[in-house]
Each structure stands twice: as structure tokens, then as C-alpha cells.
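Notes to accompany the following structure.
None of the figures in this text is laboratory data; all of them are computed from the coordinates on show. Since the model is a prediction, treat every value here as computed from it, not as a measurement. All Cβ positions, even for glycine, are placed from backbone atoms using ideal geometry, and neighbour counts span all protein chains on display.
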Amino acid sequence: MDVEILSRIQFAFTVSFHYIYPPLSIGLGVILVAMEGAYLKTGDKIYEKMTRFWIKIFALIFGIGVATGIVMEFEFGTNWATYSRYVGDIFGSALAAEGIFAFALESGFLGLLIFGWNKVSPKVHFFATIMVALGSMFSAIWIVVANSWQQTPAGYHIVGEGMKARAEITDFWAMVFNPSSVDRLSHVIIGAFLAGSFLVLSVHAYYLLKNRHVELSQKAFKIALVVASISGLLQLFTGHHSANGVAINQPAKLAAFEGHYDSLKAADMYLVGYVNQKEQTVTGVKISGGLSFLIHNNFTTPVKGLNAFAENNRPKQVNAVFQTYHLMVAIGVTLIGLTLFAMFLWWRGKLFSYKWLLTIFSFSVVLPQLANQLGWFSAEMGRQPWVVYGLLRTSDALSKSVKANQVMFSLFLFTFIYATLFALFIYLLNKKIQHGFEEHEAIPEHSKRNNPLLN
């Protein structure tokens with residue numbers, strides 16, 4: 001493999017591994033605010049106990065997330081030096097803002113969040129919880145802004161020529177509020193809420209199946225279920241709105257999402273399918289004119305297809321973009337169906353009556369993670385062959401002095417280190433979950449009566 005492919009694989013691996021953790025910390029931060037808020041409102045020690053437990057999990061996720069994110073900043077300089085020079089003014093501003101307004105806020109209050117129990121007033125500690133949650137979201141804001149600028153550049157001009165050309169900010173707020181940033185940010189944040197809430201749902205479903213911490217787990221499960229249900233429905237709206245933006249700003253990417261080639265025809269929407277790039281056809285289950293309806297509100301209006309673009313200006317791996325996009329959508333719909341069904345059972349007073357449902361929730365933690373990863377893969381592969389859309393090609397963004405064998409060696413090294421970190425994370429997380437809250441505490445009789453699985 002050549003340097004470009006290896007460098008793309010390396011960056012995709014490192015960023016994908018890192019992205020396991022920020023969505024969990026963002027989503028879990030919101031859950032912590034809800035849990036501690038319930039404790040302040042009711043004075044119920046059960047809410048305090050669950051908050052303390054999940055703060056320790058949050059600290060573990062935060063620590064691993066910071067460690068895994070550092071590598072990417074070095075990769076910009078080692079593997080993508082031309083890119084770094086080209087977007088340095090843009091990325092530098094966004095990353096500086098993240099450090100000042102987000103990371104400093106989050107890490108500054110994290111110590112108070114973890115060690116402040118019984119040392120500050122409950123209201124001050126709750127304030128620290130809110131600040132940590134906001135800090136995690138602010139980090140996402142600036143990272144997504146920087147990435148969105150690559151998708152839809154705005155507020156800049158080009159200085160220099162040839163290999164010395166670089167983008168320079170002319171309007172900071174136009175750069176921040178570029179045409180795709182708000183849509184993409186809302187979609188990313190809601191995806192993070194789903195990741196965090198399903199982690200909580202998974203752990204407490206496990207406890208309920210094992211008849212441990214029953215009353216506490218029922219309350220925590222309900223908090224997370226509300227967040228997950230609202231987030232799932234909001235994700236439908238943000239996803240649709242984001243797709244409309246892609247239709248305007250990146251029509252080649254939208255066409256790749258559905259394997260649509262012919263600009264003279266209405267675009268179908270596929271539920272499942274396979275793209276034959278050689279024949280430029282798609283085989284699968286479809287809604288005829290479905291994409292046209294979503295974009296133009298009717299089933300017959302043509303949608304710009306891949307054939308409207310020169311072959312070197314459209315994604316090469318159309319089937320990969322198609323599959324990752326459709327898998328993301330399928331998982332999102334599954335999450336909505338699962339949470340709405342659970343809410344219906346809650347309304348009927350039977351939320352905790354079925355072991356099979358709790359078993360599904362105990363394993364469901366992987367679904368939002370998969371959807372988040374697949375969404376990024378479809379977005380980034382769909383942007384190709386551009387690293388900055390319409391301005392800088394991926395092939396031109398590489399460092400000129402890096403060799404393929406060097407990238408291969410570092411890829412193997414990163415794989416080993418990240419696998420070790422992941423194993424450590426799973427070990428520590430599992431150890432904390434297995435330990436539970438207070439192992440010596442007996443299950444209250446009224447909790448047993450409230451759980452049909454114990455009767």
C-alpha cells in the first residue's frame with residue numbers, strides 16, 4: 001500500500017479509537033447532572049449513591065479519552081504536514097478555543113467533581129457537575145467546527161501559491177458558523193447523549209438481571225431511558241436537517257449515500273442494498289423516489305447524481321459510503337424503537353417485567369458507538385477525494401518526506417498501544433461494575449416487591 005492509503009488508515013484507526021470516549025463523557029455528563037439534580041431536589045440518598053458511582057466511571061472515561069487524543073495532534077505534523085500548513089490558521093484557532101474554553105473548564109472542575117464530596121456544599125458540587133458537562137460539550141463544539149470547515153469552508157481567503165498556499169481566516173464567526181457546522185454539531189451531540197445514556201442503561205439492566213441494587217438501578221434506568229428516548233427522536237430531526245445541508249453543499253456525498261448516479265432521474269431511498277460501481281447500479285429494497293421526497297418534498301424531482309461530477313472529483317468507494325451510511329440509519333431506527341417500546345412498558349407499569357428486554361439493554365451499549373463510528377466513516381469517505389472540500393485534495397495533503405514503511409511501523413505500534421489501553425479500560429470498567437455500589441448492603445424488601453423478576 002502507498003503512503004496515502006496507509007496514512008489514512010492510521011489516522012482513521014487512531015481517531016476512531018479515540019472517539020469511543022468523548023461521546024461517552026458528553027452523554028454521561030448530562031446523566032450526572034440529572035442524577036445529582038434529582039438528589040438535590042428529593043434528598044434521596046439513592047440518587048447521591050448513583051451519582052458517586054457514575055462520577056468514578058466518568059473519570060476513567062475522561063482519562064483514557066485524553067490519553068488517546070494526544071496522538072492525533074502529532075499525526076497532523078508527521079503524516080499530514082501539507083494539510084497542517086494549509087489549515088493551520090483555521091485549526092489553530094479552533095483548537096486554541098477548545099483548550100481555553102472547553103478543556104480548561106472541564107478539567108478545572110473535574111477535581112471538584114471527584115473529590116469535592118463533603119468538602120463543598122451540595123449546590124457548589126452540583127455547579128461543578130454542570131461545568132464539567134458543559135466543558136465536555138464545548139470540546140465537541142470546537143472540534144466539530146474545525147472538521148465542518150473542511151466540509152464547507154467559509155470565512156477565509158487563500159494566501160500564497162502552490163505548495164506554500166494556506167487558508168487564512170478573514171471572518172472568525174463565518175468560519176465558526178460555516179454552512180454545515182450547526183447541523184453537524186447537533187447531530188454529533190445527540191449521538192453522544194445516546195452513547196452515554198445507553199452505557200447507563202446497559203449497566204443497570206445488568207444489575208437488575210442479577211438482582212443487585214434493584215431500587216437504585218430502577219431509578220437510574222428510568223433517568224437514562226428518558227434521555228435516550230428524547231435523544232433518539234431528536235436524532236431523526238438533526239439527521240434529516242443535516243442531509244438537506246449535504247444536498248446543498250456536498251451533492252456528490254449525498255449521491256454516494258444512496259448510490260445515485262443519474263442526475264436526470266429521481267433518487268430512490270434504499271433500506272438495504274449493494275452498489276455495483278462498475279455497472280453504476282444498486283440492488284436492494286428501496287422506496288422509489290424516497291430521497292427526492294426527503295430533499296424536494298415530492299417523489300419525482302431529479303437529484304444530482306454522481307455522473308454529474310468528474311470521476312476524480314467524487315468518492316471512489318461508493319459502496320463503502322453507502323453501507324456505512326445505511327448501517328448508521330438502521331441502528332438509529334433500532335435505538336428509537338427500543339427506547340419507545342421501553343417507554344410504553346413504563347407507562348403500562350411493566351418496564352422491568354421482562355428479562356429478555358433487560359438482556360437486550362445490557363448488550364445495547366455497543367449500538368450507539370457503532371452508529372457514531374459509522375456516521376463519521378460515511379461523512380469522511382463521502383468527502384473524498386478532498387480533505388478540504390473543493391480546495392485541497394487528500395493526495396496533496398501528505399507529508400512529502402514520510403515513507404510507507406515508516407507509516408506501517410507506527411501503525412503497528414499504535415495498534416499495540418491502543419489495544420493495551422482498551423484492555424485496561426475494559427478491565428477497570430468491568431472491575432468497577434462487578435464491585436457495584438455496596439456489596440454488603442442487603443436488598444430492601446420493598447425493592448424486591450417492586451421488581452417482578454425477583455418474585
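Can you put 393, 383 in order of Cβ neighbours within 10 angstrom, beginning with the fewest? Can you show the working numbers first?
Values: 393 16, 383 21.
So the ranking, lowest neighbour count to highest, is 393, 383.
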Sorted by chain and number, the residues with a modelled amide H under 5 Å from that of residue 286, at a separation of 5 or more or across chains, are 271
Return the distance in nm (one decimal) between the two label points of a simple spin-label model at residue 319 and residue 211, each offset 7 Å from Cα along Cα→Cβ.
5.1 nm
Taking the 0 to 90 degree range and rounding to the nearest ten, how far is the long axis of helix 214-249 tilted relative to the main principal axis of the chain, both from C-alpha atoms?
10 degrees
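About the Cα centre of the chain, how large is the charge dipole given +1 on each Lys and Arg Cβ and -1 on each Asp and Glu Cβ? Please answer in debye to the nearest 20. If you can, show how the numbers build up before the last one.
On the way: 34 positive and 26 negative charges, 211 e Å.
Around 1020 debye, computed over the chain.
Using the Cα centre of segment 1-141 as the reference point, and only Cβ charges (+1 on K/R, -1 on D/E), how large is the resulting charge dipole? Debye, rounded to the nearest 20. Working shown, then result.
Numbers: 9 positive and 10 negative charges, 148 e Å.
Once rounded to the nearest 20, the dipole reads 700 debye.
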On C-alpha positions alone, give me the angle between the axis of helix 45-78 and the longest principal axis of the chain, in degrees, nearest 10.
20 degrees
Between helix 404-435 and the chain, what is the angle of the helix's C-alpha long axis to the longest principal axis, kept within 0 to 90° and rounded to the nearest 10?
20 degrees
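Please work out how much length the chain gains when fully extended from residue 265 to residue 287, using 0.36 nm per residue of separation minus the C-alpha to C-alpha distance, in nm with one decimal.
Numbers: separation 22, 0.36 × 22 = 7.92 nm, distance 1.40 nm.
Stretched fully, the residue 265-residue 287 segment lengthens by 6.5 nm.
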Relative contact order for segment 1-101: what is it in percent, counting Cα pairs under 8 Å that are at least 6 residues apart?
32 percent
Would you order 261, 427 from fewest to most other beta-carbon atoms within 10 Å of each residue's own beta-carbon?
427, 261
Helical contribution to [θ] at 222 nm, DSSP H n ≥ 4, -39,500 (n - 2.57), averaged over the chain, rounded to 500:
-23500 deg cm²/dmol
Extension gain, residue 391 back to residue 428 (0.36 nm per residue minus Cα-Cα distance, nm)
8.9 nm
Extending each Cα 7 Å along its Cβ direction at residue 234 and residue 172, get the distance between those two points in nm, one decimal.
2.7 nm
Using the basic label-point model (7 angstrom from Cα toward the beta carbon), what is the residue 405 to residue 164 distance in nanometres?
3.4 nm
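Which pairs in the list 119/210; 355/432; 56/253; 286/316; 41/431; 119/350 are over 29 Å apart, alpha-carbon to alpha-carbon? Walk me through the numbers before you get to the answer.
Working: 119/210 34 Å; 355/432 23 Å; 56/253 41 Å; 286/316 23 Å; 41/431 31 Å; 119/350 41 Å.
Over 29 Å apart, Cα to Cα: 119/210; 56/253; 41/431; 119/350.
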With an 8 Å Cα cut-off and a minimum separation of 6 or more residues, compute the relative contact order for the chain in percent.
19 percent
Among 235-242, 320-327, the order from most to least packed when residues are scored by Cβ within 10 Å on average
320-327, 235-242
Would you kindly derive the ³J(HN,Hα) couplings of segment 338-352 from the backbone phi angles with the Karplus curve 6.51 cos²θ - 1.76 cosθ + 1.60 (θ = phi - 60°), listing them in order in whole Hz, with x for Gly and Pro?
5, 6, 5, 5, 5, 5, 4, 5, 4, 4, 7, x, 10, 4, 9
Taking 170, 82 and counting other beta carbon atoms within 10 angstrom, the fewest-first order is 170, 82
Between segment 321-343 and segment 1-43, how far is it from one alpha carbon centroid to the other, in angstrom?
19 Å
To make sure I understand the rule: partners must be lysines, Cα under 18 Å from the Cα of residue 400, and not fewer than 8 residues away in the same chain. Which ones qualify?
164
Could you estimate the translational diffusion coefficient of segment 275-353 from the Stokes-Einstein equation, with Rh from the Kirkwood formula over C-alpha pairs, at 20 °C and 1.002 mPa s, in whole µm²/s?
135 µm²/s
